[in-house]
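**Q** Structure below; questions to follow.
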Amino acid sequence: MIEAELSRSVQRWCPGATGVTGAAKLSGGASQETWRFDIVHPDGPIGAILRRSPKGYGAAPTRAAGLAAEAQLMQLAYEAGVPSPRVMHVLTPDEDLGTGFIMQRVEGETIARKILRDDEFAAARPHLARQIGGVLAGLHRLPQDKLPELRSRSATEEISELDRDYRSLNWPKPVFELALRWLRDHNPGPSAETTLVHGDFRNGNLIIGADGVRAVLDWELAHLGDPMEDLGWVCVNSWRFGEIDKPAGGFGSREELFAGYEAAGRRVDPARVKFWEVMGTLRWGIMCGGMMQRFREGPDHSMERAMIGRRASETEIDLLRLLAPRGS
Amino acid sequence: MQDEPTPIELTKAVADFLRSDITPLISGHQAFKLRVAVNILDLVTRQLTWEEGSDLKEVERLRALLGMDGSVTELNRALAERIAKGEVDLATPGLAEHLWATTMDKLAVDQPNYASYKRELSRGA
C-alpha cells in the first residue's frame, strides 16, 4: 500500500506531518505514475501530488528530461514567478517509492474541453491567449546557469528525427512527405537565441482556474532550443479541441498570444512560429502512427491506442490547411 | 459469394445493441471503454460502406498523376517517394486536388466530427 511509504516519507521532511490519507492514482503508464494524496497535519490537510517512476522503471525514454530534471525545472519556475506547483520533496532511494518527487497540489482544471466550454472559466477565457504568452515569456527567461542538464535540439536535428521516426513506421503517407519537404525548404536555420523550451506547453497541460493559468505541468519534454517552438506547439490545431478559429490553444488569436509574449519583454518571430506549428502538427501525426505500431506489436493492445492510430488523418487535413489551403 | 446480412449490417447491429442496451447499464472507466468500442464499430461500418468507392477514385487519380498502374498501396508508396525526391510538389498539376480528395475521404471514415473536416466539407469540393 503506497500510503504506508508516503506516510513515512512525509514525516521525514514535512514538520508536524503525521501521515497521509486519500492516496489515489490519477494517471499512469508503465513507466510513470501520478498520485494525489493529502498530508495529515495539525494545521489542516495539505494537498499533494506524487509523480514517480515505480521501482524497476528508472530508465526514461530518450526524449524525456527525467523526473529529477522535471522537479528542478518546476522549482525554478516557481521561484521565478512562472505559475508552477511548489516542489516539496525529491524522493530518495531509501523511501521505497521509486524515483520522482512530491509537489504541492494546485486546484483547478486540466481537461481542455471543460476549460474551453464550462461556464466556470467563461470570465478567464478571453484573457488566456494573452496570459499564456506572458507565461511562456517568463519560462523562456529562466536563468540558464541554473537549468539541469537538458538535451539541445535545433530545427535541423528535429526534422531529421521526425524523418527517421516516420520512415521507421513504413507507412507511406504523401501528406507527411509533403510536410517533411516543406520543413526542409523553410528551415529557418539556427535560432539567434537558445533558451529553455518547455516542449509540451499546450491546452491540456495547464491547470486553469476561474482566475486564469495556475500552473504549467508536464515538463518531461523540456530541452534547449528555439523559444518559438513553444509558441508554435501551443497553436497546433489538435490542441484547439474544436475551437479551430482560435489558434492559441483554442483560447484566442495568435496576435493576443504574441502581444502577451512581447508585453513581457520578449520578441516573437511569426515565421518561425509557423514553421514550428507545421513541425508540431507533423510530429503529433507521426506519434499517432507510433501508437498504431505499439498497438500492433503489443503489449498495450488497447482499443484506445488503436483508435489514436486513426487520428493521424486529422493531422493530414491540418497540414493541408496549413500548406495547401483551398479557396484562398 | 457469401450470404447475407452483409458485414455492414452485422457490425451496425452489434454497435446499436451496445449503444442502446448496454450503455445504460455501466459507468466509470468501463463506460469510457464501451464508448471507444462503439466508436470503433461505427468507424468500421463507415469504412465498409465507403472504402471500395473511395479507393477506386483514389487509384484513378494516382494513375493519372503518376502515369503508372498498381494497387492503391503501391501507388501511394510511389507518390510518397516522388514527393520525397522532389519530383512532385504542390506546383504539379493535380497534386493538391488529389491530396485534398484523399484526405477528405479518410476523415469521412476516421473522424467525421473533426472541426477542420466539417469546415472543409462546408466549403465544398
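The values are calculated or read from the model by the stated rules, or taken from the named source; none is laboratory data. Note that the coordinates shown come from a computational prediction; the quantities given were computed from them, not determined experimentally. Virtual Cβ from ideal backbone geometry, glycine too; neighbours counted across all protein chains shown.
**Q** Of all residues in the stretch A:298-328, count the ones that are at the interface with another protein chain (Cβ under 7 Å from one of its Cβ atoms), more than 25 Å from the chain's Cα centre (by Cα), of a type in the set (G, A, S) and over 18 Å from A:W276 (Cα atoms).
**A** The number of residues fulfilling the criteria is 1.
**Q** Now a separate question. Could you run through the stretch A:108-149 and say how many residues are surrounded by 20 or more Cβ atoms within 10 Å (Cβ to Cβ) and either farther than 24 Å from A:E262 by Cα or not assigned by TED's automatic domain parsing to the domain that holds A:G285 (or both)?
**A** 4
**Q** Would you tally the residues in the stretch A:1-26 being touching a residue at least 60 places away in the same chain (Cβ under 8 Å) and in the same structural domain as A:E95 (by TED's automatic domain parsing)?
**A** 0
**Q** Can A:P190 be described as at pLDDT 95 or above and more than 29 Å from B:Y114 (Cα to Cα)? Explain how you work it out, then say what you get.
**A** Numbers: at pLDDT 95 or above: no; more than 29 Å from B:Y114 (Cα to Cα): yes.
Against the criterion (at pLDDT 95 or above and more than 29 Å from B:Y114 (Cα to Cα)), A:P190 does not qualify.
**Q** Just to verify a result, which residue in the stretch B:32-84, among those that are more than 11 Å from every other protein chain (Cβ to nearest Cβ) and among the small types (G, A, S), is farthest from B:Q111 (Cα to Cα)?
**A** B:G67
**Q** In the stretch B:92-108, is there at least one residue being touching a helix residue (DSSP H, G or I) at 6+ places or on another chain (Cβ under 7 Å), assigned to a loop (DSSP other than H, G, I, E, B), more than 19 Å from B:V59 (Cα to Cα) and at pLDDT 95 or above?
**A** The answer is no, given that none of the residues of the stretch B:92-108 is touching a helix residue (DSSP H, G or I) at 6+ places or on another chain (Cβ under 7 Å), assigned to a loop (DSSP other than H, G, I, E, B), more than 19 Å from B:V59 (Cα to Cα) and at pLDDT 95 or above.
**Q** Looking for whichever is without any contact (Cβ under 8 Å) to a residue 40 or more places away in the chain, more than 13 Å from the chain's Cα centre (by Cα) and closer than 29 Å to A:L320 by Cα here; the options are A:P247, A:P227. Which one fits? Please lay out each step first, then the result.
**A** Numbers: A:P227 fails: without any contact (Cβ under 8 Å) to a residue 40 or more places away in the chain.
Among A:P247, A:P227, only A:P247 is without any contact (Cβ under 8 Å) to a residue 40 or more places away in the chain, more than 13 Å from the chain's Cα centre (by Cα) and closer than 29 Å to A:L320 by Cα.
**Q** Tell me whether the stretch A:227-234 contains one or more residues that are among the acidic types (D, E), assigned by TED's automatic domain parsing to the domain that holds A:E314 and under 24 Å from A:V268 (Cα atoms). Reasoning before the result, please.
**A** Of the stretch A:227-234, the ones among the acidic types (D, E) are A:229-230.
Cutting the leftovers down to assigned by TED's automatic domain parsing to the domain that holds A:E314 gives us A:229-230.
Then keep just the ones that are under 24 Å from A:V268 (Cα atoms); that gives A:229-230.
For the stretch A:227-234, residues among the acidic types (D, E), assigned by TED's automatic domain parsing to the domain that holds A:E314 and under 24 Å from A:V268 (Cα atoms): present.
**Q** OK, next. Would you call A:A64 buried (at least 16 other Cβ atoms within 10 Å of the Cβ), within 19 Å of the chain's Cα centre (by Cα) and not in a loop (DSSP other than H, G, I, E, B)?
**A** On the way: buried (at least 16 other Cβ atoms within 10 Å of the Cβ): yes; within 19 Å of the chain's Cα centre (by Cα): yes; not in a loop (DSSP other than H, G, I, E, B): no.
Against the criterion (buried (at least 16 other Cβ atoms within 10 Å of the Cβ), within 19 Å of the chain's Cα centre (by Cα) and not in a loop (DSSP other than H, G, I, E, B)), A:A64 does not qualify.
**Q** Check whether at least one residue in the stretch A:232-240 is touching a Phe, Trp or Tyr at 6+ places or on another chain (Cβ under 8 Å), more than 14 Å from every other protein chain (Cβ to nearest Cβ) and of a type in the set (V, I, T), and report yes or no.
**A** Of the residues in the stretch A:232-240, the ones touching a Phe, Trp or Tyr at 6+ places or on another chain (Cβ under 8 Å) are A:232-234, A:236, A:238-239.
Next cut, more than 14 Å from every other protein chain (Cβ to nearest Cβ) only: A:232-234.
In the following step, the residues that additionally are of a type in the set (V, I, T) were identified as A:234.
Yes, because at least one residue in the stretch A:232-240 is touching a Phe, Trp or Tyr at 6+ places or on another chain (Cβ under 8 Å), more than 14 Å from every other protein chain (Cβ to nearest Cβ) and of a type in the set (V, I, T).
**Q** Here's a follow-up. Quick check: is even one residue across the stretch A:120-141 within 14 Å of chain B (Cβ to nearest Cβ) and part of a helix (DSSP H, G or I)? Explain how you work it out, then say what you get.
**A** The initial filter retains those residues of the stretch A:120-141 that are within 14 Å of chain B (Cβ to nearest Cβ), namely none.
Within the stretch A:120-141 (the criterion being within 14 Å of chain B (Cβ to nearest Cβ) and part of a helix (DSSP H, G or I)), the answer is no, since none of the residues qualifies.
**Q** Does at least one position in the stretch A:302-309 carry a residue that is modelled with pLDDT under 95, part of a helix (DSSP H, G or I) and β-branched (V, I, T)?
**A** Scanning the stretch A:302-309, I find at least one residue that is modelled with pLDDT under 95, part of a helix (DSSP H, G or I) and β-branched (V, I, T), so the answer is yes.
**Q** The conditions are (1) facing another protein chain (nearest Cβ under 7 Å); (2) under 18 Å from the mean Cα position of the chain (by Cα), and B:P112 fails exactly one of them. Which is it?
**A** Of the numbered conditions (1) facing another protein chain (nearest Cβ under 7 Å); (2) under 18 Å from the mean Cα position of the chain (by Cα), the odd one out for B:P112 is (1).
**Q** Out of the residues in the stretch A:228-282 that are farther than 17 Å from A:L206 by Cβ and of a type in the set (S, T, Y), state the one that is surrounded by the fewest Cβ atoms within 10 Å (Cβ to Cβ).
**A** That would be A:S253.
**Q** For the stretch A:202-211, does any single residue satisfy the condition of being in the same structural domain as A:G133 (by TED's automatic domain parsing), under 20 Å from A:Q75 (Cα atoms) and in a loop (DSSP other than H, G, I, E, B)?
**A** If we filter the stretch A:202-211 for residues that are in the same structural domain as A:G133 (by TED's automatic domain parsing), which is where we start, we get A:202-211.
Those left that are additionally under 20 Å from A:Q75 (Cα atoms): A:202, A:205-208.
Still in the running and in a loop (DSSP other than H, G, I, E, B): A:202, A:205.
Checking the stretch A:202-211: at least one residue is in the same structural domain as A:G133 (by TED's automatic domain parsing), under 20 Å from A:Q75 (Cα atoms) and in a loop (DSSP other than H, G, I, E, B).
**Q** Find the residue count for the stretch A:194-231, including only residues that are touching a Pro at 6+ places or on another chain (Cβ under 7 Å) and either over 28 Å from A:E107 (Cβ atoms) or of a type in the set (S, T, Y) (or both). Don't jump to the end; show me each part of the working.
**A** So the first thing to find is which residues in the stretch A:194-231 are touching a Pro at 6+ places or on another chain (Cβ under 7 Å), and the list is A:195, A:197, A:213-216.
Still in the list and also either over 28 Å from A:E107 (Cβ atoms) or of a type in the set (S, T, Y) (or both): A:195.
Within the stretch A:194-231, residues that are touching a Pro at 6+ places or on another chain (Cβ under 7 Å) and either over 28 Å from A:E107 (Cβ atoms) or of a type in the set (S, T, Y) (or both) number 1.
**Q** While we're looking at this one, here's another question. I'd like the residue in the stretch B:54-79 that is among the hydroxyl-bearing types (S, T, Y) and assigned to a helix (DSSP H, G or I) and, out of all such residues, is surrounded by the most Cβ atoms within 10 Å (Cβ to Cβ). Talk me through it step by step, then tell me what you get.
**A** Taking the stretch B:54-79 first, the residues among the hydroxyl-bearing types (S, T, Y) are B:54, B:71, B:73.
Remaining after also requiring assigned to a helix (DSSP H, G or I): B:54, B:73.
On the way: B:S54: 19, B:T73: 10.
Ranking the candidates gives B:S54 first.
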